[in-house]
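Rule-based calculations on the coordinates, nothing more; no lab input. Bear in mind that the values here come from a model prediction, so they are computed numbers and not experimental data. Heads up, the Cβs are rebuilt from the backbone with ideal geometry, glycines too, and the neighbour counts pull from every protein chain shown.
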Amino acid sequence: MSVLLEFAMFPTDKGESVSSYVSKIIDMVDKTGVDYQLTPMGTIIECDDIDEALDIVKSSYRCLESDCFRIYSTLTFDIRKGEKGRLKSKIKSVEDRLNREIKY
């Protein structure tokens, strides 16, 4: 099973730039060993099951809760049985199609 989770989590009470808070979460995600991809609007992780993904969400919240009065988060899941490695394979599939369809 592959659980892709795209999520964003940040405090809303810490001013315009919150990168120092987001970096705490990314450091924690990195230490879990799951595959992840940081994007300008959030982070995508790939886990073996939904419990692992939700544990990372909980840990992300715990990274911020002591310093932040208000925390905003969004979550989007793509859960597929049988497939793994989709964090990279989904992008490769689109890139392969683009390369086949581009005419020079």
Residues whose placed amide H lies under 5 Å from that of Asp35, excluding near-sequence neighbours: Glu46
Once phi is turned into θ = phi - 60°, what whole-Hz ³J(HN,Hα) does the Karplus curve with 6.51, -1.76 and 1.60 give for every residue of region 78-85, x standing for Gly and Pro? 10, 10, 9, 6, x, 9, 9, x
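Could you give the size of the charge dipole of the chain about its Cα centre, using +1 on the Cβ of each K and R and -1 on the Cβ of each D and E, expressed in debye and rounded to the nearest 20?
400 debye
Going highest first, how would you order 40-51, 76-87 by mean Cβ packing within 10 Å?
In descending order of packing, they fall as 40-51, 76-87.
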Please give the Cα centre distance for region 51-104 versus region 5-23, rounded to the nearest Å. 17 Å
Report ³J(HN,Hα) in whole Hz for each residue of region 30-46, in order, from the Karplus equation J = 6.51 cos²θ - 1.76 cosθ + 1.60 where θ = phi - 60°; Gly and Pro get x. 4, 6, 6, x, 6, 5, 8, 9, 7, 10, x, 10, x, 10, 10, 10, 10
Please arrange Ser73, Ser60 by counting, for each residue, the other beta carbons lying within 10 Å of its beta carbon, fewest first. Ser73, Ser60
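So if each residue of separation counts as 0.36 nm, and I subtract the Cα-Cα distance between Lys92 and Thr12, what length gain in nm does that give? Mind showing how you got there, number by number?
Numbers: separation 80, 0.36 × 80 = 28.80 nm, distance 3.50 nm.
Roughly 25.3 nm would be gained on extension.
In nm, what is the difference between 0.36 nm times the number of residues separating Glu52 and Glu65 and their Cα-Cα distance? Show your work: numbers first, answer last.
On the way: separation 13, 0.36 × 13 = 4.68 nm, distance 2.00 nm.
Difference between extended and current length: 2.7 nm.
Provide, for region 2-101, the number of lysine pairs with alpha carbons under 18 Å apart, each pair being eight or more places apart or on different chains. Present the calculation step by step, with values, prior to reporting the outcome.
Details: Lys14/Lys24; Lys24/Lys58; Lys31/Lys58; Lys81/Lys90; Lys84/Lys92.
For region 2-101, qualifying lysine pairs total 5.
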